[in-house]
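I have placed the structure first, in the form of structure tokens, so that the comments after it can refer back to it.
The values are calculated or read from the model by the stated rules, or taken from the named source; none is laboratory data. Since we're looking at a predicted model, the values are computed, not measured. Heads up, the Cβs are rebuilt from the backbone with ideal geometry, glycines too, and the neighbour counts pull from every protein chain shown.
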Amino acid sequence: MNGIIHSFQSLGAVDGPGLRFVIFLQGCTLRCAYCHNPDTWAPNGKTYSIEEVVEKVLRYKPYFSRNGGVTVSGGEPLMQWQFVAELFRRLHREGIHTALDTAGIGDPEGARLVLLHTDLVLCDLKFSSAKDYLRYCRGNLNTVLDFLRQTETLQVPLWIRHVVVPNLTSGTEHIQKIADLAAQFSNLQRLELLPFRKLCISKYQAMKIPFPLSDYEECTGAEIERLYRLIENHLPQAARARCFSAPAHP
């Protein structure tokens with residue numbers, strides 16, 4: 001079985017617990033206004049077999065095996081759910097922790113088969129309303145919430161992530177709604193607020209397409225801390241503790 005892969009990161013530190021070997025898959029149907037990887041949208045890239053990927057991972061196992069593992073990201077990894085499900089099954093045979101970094105879109109049955117071999121889900125909850133999901137991502141909020149319910153049913157530990165864009169996703173009511181949505185899920189371990197950055201602009205320029213949020217300000221660390229304090233009482237105790245120990249993101 002083959003997968004279409006954009007790139008590999010040998011030792012990532014912000015894609016799950018510990019050090020991670022990160023695999024970025026190609027292909028995504030969303031068009032998020034703040035997407036940092038527009039070069040992963042099209043379903044083209046280099047093809048690798050499961051065996052080739054596992055071989056690459058095992059070279060780095062001595063570095064991440066104690067507290068880390070493998071994270072599959074994208075693009076949207078659930079667009080290639082057959083590949084991810086089989087890859088995670090093989091990695092479990094090697095005793096390797098698996099994490100799925102996803103926007104929660106894709107075939108529900110395919111997602112279920114991936115989750116059967118997943119130790120942690122990192123899911124982007126991008127907006128708090130269906131209207132904004134459609135406007136800024138061309139996505140469906142209900143699809144994402146259905147996926148999150150799947151993770152709860154299968155009791156896969158869950159980290160929910162939300163990108164904070166000043167004057168777009170930074171409002172008090174909006175952030176409280178995000179926290180309330182996250183708190184619905186009994187498997188929630190952490191809610192991460194990620195500051196909006198514009199390091200991706202060079203990719204848009206290279207692809208000769210406009211970056212939709214080029215006129216928006218970046219988010220500061222101070223603003224992230226303010227918002228964490230704002231939502232503290234909206235989260236379960238376990239998730240609350242982990243929020244304030246979450247790593248900083250670029």
Residue pairs meeting the criteria (Cβ under 8 Å; at least 6 apart or on separate chains; first closer than 16 Å to Leu87 by Cβ, in the range 111-132; second among the basic types (Lys, Arg) and at pLDDT 95 or above): His117/Arg89
Residue in the range 34-50 that is assigned to a strand (DSSP E or B), out of contact with any Asp or Glu (no Cβ under 7 Å at 6 or more places or on another chain) and charged (D, E, K, R) present: yes
Checking Tyr216 against (1) without any contact (Cβ under 8 Å) to a residue 24 or more places away in the chain; (2) of a type outside the set (A, V, I, L, M, F, W, C); (3) part of a loop (DSSP other than H, G, I, E, B), the condition it does not meet: (1)
In the range 219-250, the residues that are more than 20 Å from the chain's Cα centre (by Cα), among the β-branched types (Val, Ile, Thr) and either outside any loop (DSSP other than H, G, I, E, B) or at pLDDT below 65 (or both): Ile231
Output for the range 22-33, where each listed residue is in a loop (DSSP other than H, G, I, E, B) and either among the β-branched types (Val, Ile, Thr) or over 17 Å from Leu194 (Cβ atoms) (or both): Gln26, Gly27, Cys28, Thr29, Arg31
Residue that is farthest from Glu52 (Cα to Cα), among those in the range 1-21 that are assigned to a strand (DSSP E or B) and in contact (Cβ under 8 Å) with a residue 60 or more places away in the chain: Arg20
First in the range 37-51 and more than 25 Å from Ser202 (Cα to Cα), second anywhere and assigned to a helix (DSSP H, G or I) and aliphatic (A, V, I, L, M), Cβ under 8 Å, 6 or more apart: Ile50/Leu87
Pick from the range 70-99, criterion under 18 Å from Phe8 (Cα atoms) and of a type in the set (S, T, N, Q), ranking: surrounded by the fewest Cβ atoms within 10 Å (Cβ to Cβ): Thr98
Considering residues of the range 144-178 that are of a type in the set (Ser, Thr, Tyr) and either modelled with pLDDT under 95 or touching a Gly at 6+ places or on another chain (Cβ under 7 Å) (or both) only, the residue surrounded by the most Cβ atoms within 10 Å (Cβ to Cβ): Ser170
Within the range 166-198, considering residues that are part of a strand (DSSP E or B) and under 12 Å from Glu223 (Cβ atoms), the one farthest from the chain's Cα centre (by Cα): Pro195
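Could you say which residue among Arg66, Arg112, Arg149, Arg89 is touching a His at 6+ places or on another chain (Cβ under 6 Å) and not β-branched (Val, Ile, Thr)?
Arg89
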